[in-house]
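Structure first, then comments.
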Amino acid sequence: MTGHVSGLGAVRHCSFPMASGEMDKFALTAFLGMACRNLAAFTVNGSIHFVCMDWRHLEELLAAGQDAYSERKNLCVWVKDNAGMGSLYRS
């Protein structure tokens, strides 16, 4: 995937593989699980982690977090009425 530009087209960025959907559901859940376990392992008890995810992969994030954390405090949803600048998917 090419064509990610910034600086009014003067700067071209390489594709960011993790953001392009190469992982299947199980690989993504494993990846997120590893990330959540690392977060939990390297912070003090009682820490709050704000982990953001596109709604399309919420199931994978919840499964990964369930194995890494003892409890879920809350789920926040950002209702964004106007997409604003840029595209929905950004590298």
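Here are the numbers:
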read-out: Length gained when the stretch GLU22-TRP78 is fully extended (0.36 nm per residue, less Cα-Cα span); value: 17.6 nm
read-out: Around GLY33: net Lys/Arg minus Asp/Glu count, Cβ-Cβ under 10 Å; value: -1
read-out: Percentage relative contact order, the range 22-78, counting C-alpha pairs under 8 Å, at least six apart; value: 51
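A short reminder: the numbers here are calculations on the coordinates, not readings from a lab. These numbers were taken from a predicted model, which means no experiment stands behind them. For neighbour counting, all protein chains shown are included, and Cβ atoms are generated from backbone atoms with ideal geometry for every residue, glycine included.
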